[in-house]
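Participant: Below you'll find the structure I mean.
Computed from the coordinates by the stated procedures, all read-outs in this text should not be read as laboratory data. Quick caveat: nothing in here was measured; it's all calculated off a predicted structure. Methodologically, a virtual Cβ is constructed for each residue, glycine included, from the backbone with ideal geometry; neighbour enumeration extends over all protein chains shown.
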Amino acid sequence: MTESSGTGTGVEALLGEEIIALAASAFTVVFTGVGLGREQARNLLDKELYGRFGKPRGNDAYHAYQAVILQIVLVWERAGIAARAAASGRLVLLPDGARLLNATDAARELRKLL
């Protein structure tokens, strides 16, 4: 499912992930089937991480998840594969992101874009 370096579960496992590999694999799940320039709800990223690592338990864990989610979105924006829409805050699939969806090794391609 994902390249994991974490050994625990929940927030410990999430924080143990290599961020570029996590961002790439989450990107392909969140944006598969989304057309170029189309918006996608940001909460789908939350749901993807909850599915992999479990729902955060407690206030500190919730904030840690939100920090990782924000870092992933910043990686996507820095790479030019997705951006937050100014008006809605939803995520928009950009041209390089559409190309990334077809890559055989999304993490390697994401690193090239960074």
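Participant: For the stretch 40-103, what value does the Rg/Rh ratio take when both radii are computed over Cα atoms and Rh is the Kirkwood radius, given to two decimals?
Facilitator: Taking Rh as the inverse mean 1/r over Cα pairs, Rg/Rh reads 1.01.
Participant: Reported to two decimal places, what Rg/Rh ratio describes the stretch 26-66 when computed on Cα atoms with Rh from the Kirkwood expression?
Facilitator: 1.07
Participant: Sort the following peptides by mean Cβ neighbour count (other Cβ atoms within 10 Å, averaged over residues), highest first: 53-63, 87-97.
Facilitator: On the way: 53-63: 13.9, 87-97: 16.3.
Highest mean packing first, the order is 87-97, 53-63.
Participant: Same structure again: Taking the 0 to 90 degree range and rounding to the nearest ten, how far is the long axis of helix 19-31 tilted relative to the main principal axis of the chain, both from C-alpha atoms?
Facilitator: Between helix and principal axis, roughly 60 degrees.
Participant: Pop a pseudo-label 7 angstrom from the Cα along the beta-carbon direction at both Gln71 and Arg90 and give the gap in nm to one decimal.
Facilitator: Calculated label separation equals 2.8 nm.
Participant: In whole Hz, with x marking every Gly and Pro, tabulate ³J(HN,Hα) for the stretch 74-86 from phi via Karplus 6.51 cos²θ - 1.76 cosθ + 1.60, θ = phi - 60°.
Facilitator: Taking θ as phi minus 60°, the curve returns 5, 4, 4, 5, 4, 7, x, 9, 7, 9, 7, 5, 4 Hz for the stretch 74-86.
Participant: Here is a follow-up. Normalised by the residues of the stretch 1-107, what does the relative contact order come to in percent, with Cα pairs under 8 Å and at least six apart?
Facilitator: With pairs under 8 Å counted, the relative contact order is 31 percent.
Participant: For the chain, compute Rh as the Kirkwood radius over C-alpha pairs and then the Stokes-Einstein diffusion coefficient at 25 °C and 0.890 mPa s; write the answer in µm²/s, rounded to an integer.
Facilitator: Taking Rh from Cα pairs, D becomes 174 µm²/s.
Participant: According to a simple spin-label model (label point 7 Å from Cα along Cα-to-Cβ), what is the distance in nm between Glu18 and Lys112?
Facilitator: Calculated label separation equals 1.7 nm.
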